Amino acid sequence: MFVPGETASSQTRAGRGFALLDNVIAETTGPADPKTGGSLAIRVTDLARYYTMGDSVVHALDGVDMSIMAGEFLAITGPSGSGKSTMMHLLGCLERPTRGWYELNGERVSDFTDRQLADVRNRSIGFVFQTFNLINRTSAVDNVALPLFYARRTRVKEPAMRALDRVGMAHRAHHRSNELSGGERQRVAIARALVNEPALLLADEPTGNLDSRTGDQIIQLFHELNDQGVTIIIVTHDPDVAAQTRRVVAMRDGKILEDRPNEASARPDVTPVTATGTHGEVS
Ligand SMILES: Nc1ncnc2c1ncn2[C@@H]1O[C@H](COP(=O)(O)OP(=O)(O)O)[C@@H](O)[C@H]1O
Ligand SMILES: [Mg+2]
């Protein structure tokens, strides 16, 4: 079990004098996984979230163990009510577990205060939602800049434009959100999630309000961002969408039913729309 100040490497070094340095390294890169040597982004241990409804207790998440390496792209899938969104809320530091531990980049965030959790969310996590959650009648660039306003940053426009460019939407920067198509809105929402340059992107049913072709373009965009090093976790009840990621975690009744690599991961066959500013057709 990784405990801050007791990293695997600090235990093997001569003394505890290195522990502080290891903590600094762990905070920026996450601890090394002893098995693969890669960097561990997430580890949850016996993670549970119960909700009390009158006299009954709903075991929305019921004791889950899972590790995710930095740079993974995975889908959490399962039928409605299986606990996917609850898992996402916990991974996103939006809620605290009833039981268990959550380590994010080597920090035991399940012990954090509300203020510390808010800081982790702003610093390390981008959120994408099924319904985009953009502010209507407000330009794309202002929507993307919103997290920077909240963080009281002085430079706002330039990072917002850079994020829009990453998702192939720079040419729509001054369009209002209600003037954009569904796929374009989701791209703007992804740019907003990226504007603080988080290492982890969490998306709950990101293609749920899109037709399948537009949904494929969004998954293709996630692949491009993943190639740039962003760790991506999507929640989907759609097996076709899950099949396009690199690892599938299937949930049922608040537990993990199956967790397998997607060797045959079929990257959607659509024109890339980002990176160089040469945009394919975006719907
Ligand atoms: N805030 C809440 N209060 C009470 N019950 C909840 C709450 N959130 C989720 N649940 C219950 O927990 C279970 C899992 O829900 P959820 O995580 O939303 O599943 P999914 O996203 O897979 O559809 C469901 O039975 C749901 O009704
Ligand atoms: Mg859900």
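Look at GLY100 and say whether it is away from ligand 2 (no atom under 16 Å from the Cβ) and either surrounded by 15 or more Cβ atoms within 10 Å (Cβ to Cβ) or among the hydrophobic types (A, V, I, L, M, F, W, C) (or both).
Numbers: away from ligand 2 (no atom under 16 Å from the Cβ): yes; either surrounded by 15 or more Cβ atoms within 10 Å (Cβ to Cβ) or among the hydrophobic types (A, V, I, L, M, F, W, C) (or both): yes.
Yes: the conditions hold for GLY100.
Mind checking which residues of the stretch 13-69 are within 21 Å of the chain's Cα centre (by Cα), surrounded by fewer than 16 Cβ atoms within 10 Å (Cβ to Cβ) and modelled with pLDDT under 95?
The answer is GLU27, THR28, THR29, GLY38.
Taking the stretch 63-86 as the region of interest, how many residues are over 18 Å from GLU103 (Cβ atoms) and more than 16 Å from ligand 2 (Cβ to nearest atom)?
Summing the residues that are over 18 Å from GLU103 (Cβ atoms) and more than 16 Å from ligand 2 (Cβ to nearest atom) in the stretch 63-86 gives 1.
With respect to GLU224, determine if the residue is away from ligand 1 (no atom under 16 Å from the Cβ), surrounded by fewer than 23 Cβ atoms within 10 Å (Cβ to Cβ) and within 19 Å of the chain's Cα centre (by Cα).
Criteria met by GLU224.
In this structure, does VAL249 turn out to be of a type in the set (A, V, I, L, M), over 27 Å from ARG123 (Cα atoms) and in contact (Cβ under 8 Å) with a residue 40 or more places away in the chain?
Spelling it out, it is not the case that VAL249 is of a type in the set (A, V, I, L, M), over 27 Å from ARG123 (Cα atoms) and in contact (Cβ under 8 Å) with a residue 40 or more places away in the chain.
Would it be correct to say that THR236 is in contact (Cβ under 8 Å) with a residue 12 or more places away in the chain and within 16 Å of ligand 1 (Cβ to nearest atom)?
Criteria met by THR236.
Which one is farthest from ILE219 (Cα to Cα) among residues in the stretch 103-137 that are surrounded by 14 or more Cβ atoms within 10 Å (Cβ to Cβ) and hydroxyl-bearing (Ser, Thr, Tyr)?
SER110
Could you list, in sequence order, all residues of the stretch 236-254 that are away from ligand 2 (no atom under 16 Å from the Cβ) and surrounded by 15 or more Cβ atoms within 10 Å (Cβ to Cβ)?
Answer for the stretch 236-254, where residues must be away from ligand 2 (no atom under 16 Å from the Cβ) and surrounded by 15 or more Cβ atoms within 10 Å (Cβ to Cβ): ALA243, GLN244, THR245, ARG246, ARG247, VAL248.
Counting only residues that are outside any strand (DSSP E or B) and either within 10 Å of ligand 2 (Cβ to nearest atom) or touching a Phe, Trp or Tyr at 6+ places or on another chain (Cβ under 7 Å) (or both), how many does the stretch 103-115 have?
Total satisfying the criteria: 3.
The values are calculated or read from the model by the stated rules, or taken from the named source; none is laboratory data. Not measured: the values here are computed from a predicted model. No Cβ is skipped: glycine too gets one built from the backbone with ideal geometry, and neighbour counts run over all protein chains shown.
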